[in-house]
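Below you'll find the structure, written out as C-alpha cells, and then a few comments.
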Amino acid sequence: MKKSPGPFRRFVEAYPECGMTYEALAVASRESAGYAEKDAELLKLALAMGSRLEGAVHSHARRALEAGATAAQVRGVALLGLTTLGLPHSMMGTSWIEDVLREAEKAGKKSGKKAKGGKKGR
C-alpha cells in the first residue's frame, strides 16, 4: 500500500480486514473500469474536487504524481473544472492541488529531483 494519510493509516491499523477489503475494492474497480493508474488518479482527483473533499484532492493529486502525471496534468484537472464546477470551486481545488505540488517540489529539492513542470496558472 502507498503512503496513506494518517487518519486512513490509523483506520487500517484498527480495522485491518476493512482496510485490506477497501484497498482490494479500489484496485478491482480501477481494473474493471479499464483505466491506467495515472488516468484513474486524475479522474479520482476530478471527482474529489467536484465533491469538495480537501483530503481526497490532496491524496489523489499526490497519487496522480506518483503514477506519472505531470504538474501540468494535475493542474489541468482544476482548469477543466472551471465550466463544470464554477470558478470558486475550481479555485478551491487549485489551492488544494498547489499544496501538493509545493510539497512535491520541496521533496524533490531534498532528493535532488525536480518536479515535472507545467505553468503554475496563478
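The values are calculated or read from the model by the stated rules, or taken from the named source; none is laboratory data. Fair warning: this is a prediction, and the values are worked out from it, not measured in the lab. Reconstructed Cβ throughout: ideal geometry from the backbone, glycine too, with neighbour counts over all protein chains shown.
Quick one: would you say ARG10 is assigned to a helix (DSSP H, G or I) and under 15 Å from the mean Cα position of the chain (by Cα)?
Spelling it out, it is not the case that ARG10 is assigned to a helix (DSSP H, G or I) and under 15 Å from the mean Cα position of the chain (by Cα).
As an exercise: evaluate LEU42 against (1) at pLDDT below 95; (2) part of a helix (DSSP H, G or I); (3) surrounded by 13 or more Cβ atoms within 10 Å (Cβ to Cβ) and give the number of the one condition it does not meet.
(1)
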